[in-house]
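Colleague: Got a structure here, written out as structure tokens. Questions coming.
The values are calculated or read from the model by the stated rules, or taken from the named source; none is laboratory data. Given the structure is predicted, the values throughout are model-derived calculations rather than measurements. Because the Cβ atoms are built from the backbone with ideal geometry, glycine has one as well, and the counts that use them run over all protein chains shown.
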Amino acid sequence: MKSLENKVAIVTGASSGIGEAIAITFAAAGAKVVVSDINEEGGNKVVEAIKSKGGDAFFIRADTSGAEENEKLVAETIKHYGSLSIAVNNAGVGGPAALTGEYPIDAWDKVIAVNLSGVFYGLRYQVPAILANGGGSIINMASVLGQVGTKFSPAYVAAKHGVVGLTKAAALEYADQKVRINSVGPGYIKTPLLTQHLSQEQMDDLVSKHPAGRLGESQEIAELVLWLASDKASFVTGTYYAADGGFLAQ
């Protein structure tokens, strides 16, 4: 039996990068996957990729920065599949690079809305649905920058620190009700979100920050998330798991 056989999972930000890898990995492990993103074309391509390999998935467009869209996402999932067992709150944005004293207010609002409030809104509606199903697992996507700081990204660093704290608080509340809630902290991963705006010199600088001597791959994060979602991690809740090539060990 596959590790996620007959489980229903929502993955946000699933049209590319880490989210895409998680959705495809979940489906291969037997889950019925709701692929969610604001990018409809990309999301539908992921659904097609899953179905081409015999998996079960469908796409729901949702902007996770709004509470109502998170509520609708959960409601449509239950309408389509009948229940919810697993959720991965992965949707995120990077934001511009700027000093804190010069950071654009609208950029701050957007980064916090997607990267932190979006995770809360997800939890707000996912938890009751998972409780109604007898328990399950939620994984929130943080970052190594949920543990340490970096220059020129105050909103991103603040949001990811917030995700780690929110995860711990929620995990404590539901630990005795069979809902496990954990966060994952990727190092710098080769995704479109990261690489599309960087020069080769900037990429090389990021590589140098990782003792492993390279950036991570989306699939490496997906494998960790798969374990956390499965019953193999049945005694794991309220934790932060880094997958960072040694970044935080320095």
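Colleague: Checking HIS161 against (1) in contact (Cβ under 8 Å) with a residue 60 or more places away in the chain; (2) within 22 Å of TRP108 (Cα to Cα): exactly one of these is not met. Which one?
Modeller: Only one criterion in (1) in contact (Cβ under 8 Å) with a residue 60 or more places away in the chain; (2) within 22 Å of TRP108 (Cα to Cα) is unmet by HIS161, namely (1).
Colleague: Further question: Out of SER137, SER117, SER183, I need the residue that is part of a helix (DSSP H, G or I) and closer than 24 Å to GLU69 by Cα. Which one? Explain how you work it out, then say what you get.
Modeller: Values: SER137 fails: part of a helix (DSSP H, G or I); SER183 fails: part of a helix (DSSP H, G or I).
Testing whether each residue is part of a helix (DSSP H, G or I) and closer than 24 Å to GLU69 by Cα leaves just SER117.
Colleague: Of all residues in segment 231-248, how many are touching a Leu at 6+ places or on another chain (Cβ under 8 Å) and surrounded by 21 or more Cβ atoms within 10 Å (Cβ to Cβ)?
Modeller: Residues in segment 231-248 being touching a Leu at 6+ places or on another chain (Cβ under 8 Å) and surrounded by 21 or more Cβ atoms within 10 Å (Cβ to Cβ): 1 in total.
Colleague: If you don't mind, another one. Here are ASP205, ASP176: which of them is farther than 27 Å from ALA97 by Cα and of a type in the set (Asp, Glu)?
Modeller: Checking each option against the conditions leaves just ASP176.
Colleague: Another one. Among the β-branched types (Val, Ile, Thr) and buried (at least 19 other Cβ atoms within 10 Å of the Cβ): is that true of VAL207 in this structure?
Modeller: No.
Colleague: Let me ask something else about it. Pick out the one residue from LEU116, LEU84, LEU123, LEU99 that is of a type in the set (A, V, I, L, M), touching a helix residue (DSSP H, G or I) at 6+ places or on another chain (Cβ under 6 Å) and over 20 Å from THR239 (Cβ atoms).
Modeller: None of the other options fit; the residue is LEU84.
Yes/no matrix, rows are residues, columns are (1) assigned to a loop (DSSP other than H, G, I, E, B); (2) touching a residue at least 40 places away in the same chain (Cβ under 8 Å); (3) on the phi < 0 side of the Ramachandran plot; (4) crowded, with 21+ Cβ neighbours inside 10 Å:
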{"position": "LEU4", "(1), (2), (3), (4)": "yes, yes, yes, yes"}
{"position": "SER15", "(1), (2), (3), (4)": "yes, no, yes, yes"}
{"position": "VAL35", "(1), (2), (3), (4)": "no, no, yes, yes"}
{"position": "GLY42", "(1), (2), (3), (4)": "no, no, yes, no"}
{"position": "GLU48", "(1), (2), (3), (4)": "no, no, yes, no"}
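Colleague: A further question follows. Scan LEU172, LEU194, LEU206 and give me the residue that is in contact (Cβ under 8 Å) with a residue 24 or more places away in the chain, under 21 Å from SER16 (Cβ atoms) and either in contact with a Lys or Arg (Cβ under 6 Å, 6 or more places away or on another chain) or assigned to a helix (DSSP H, G or I) (or both).
Modeller: That would be LEU194, the only listed residue that is in contact (Cβ under 8 Å) with a residue 24 or more places away in the chain, under 21 Å from SER16 (Cβ atoms) and either in contact with a Lys or Arg (Cβ under 6 Å, 6 or more places away or on another chain) or assigned to a helix (DSSP H, G or I) (or both).
Let's see how each residue does on (1) more than 22 Å from ASN39 (Cβ to Cβ); (2) at pLDDT 95 or above; (3) surrounded by fewer than 23 Cβ atoms within 10 Å (Cβ to Cβ):
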residue: THR100; (1), (2), (3): yes, yes, yes
residue: ASP109; (1), (2), (3): no, yes, yes
residue: SER143; (1), (2), (3): no, yes, no
residue: GLN147; (1), (2), (3): yes, yes, yes
residue: ALA155; (1), (2), (3): no, yes, no
residue: LEU166; (1), (2), (3): yes, yes, yes
residue: ASP176; (1), (2), (3): yes, yes, yes
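Colleague: Return the pairs, sorted by first residue and then second, in which the second residue is at pLDDT 95 or above and basic (Lys, Arg), the first residue lies in segment 234-246 and is under 23 Å from LEU172 (Cβ atoms), the beta carbons are less than 7 Å apart, and the residues are 6+ apart or on different chains.
Modeller: Pairs found: VAL236/ARG180; THR237/ARG180; GLY238/LYS168.
Colleague: If you take the residues of segment 65-93 that are among the small types (Gly, Ala, Ser) and loosely packed, with under 15 Cβ neighbours inside 10 Å, which of them is farthest from ARG124 (Cα to Cα)?
Modeller: GLY82
Colleague: Could you tell me whether segment 74-83 includes any residue that is of a type in the set (Val, Ile, Thr), without any contact (Cβ under 8 Å) to a residue 40 or more places away in the chain and either touching a Gly at 6+ places or on another chain (Cβ under 7 Å) or not in a loop (DSSP other than H, G, I, E, B) (or both)?
Modeller: no
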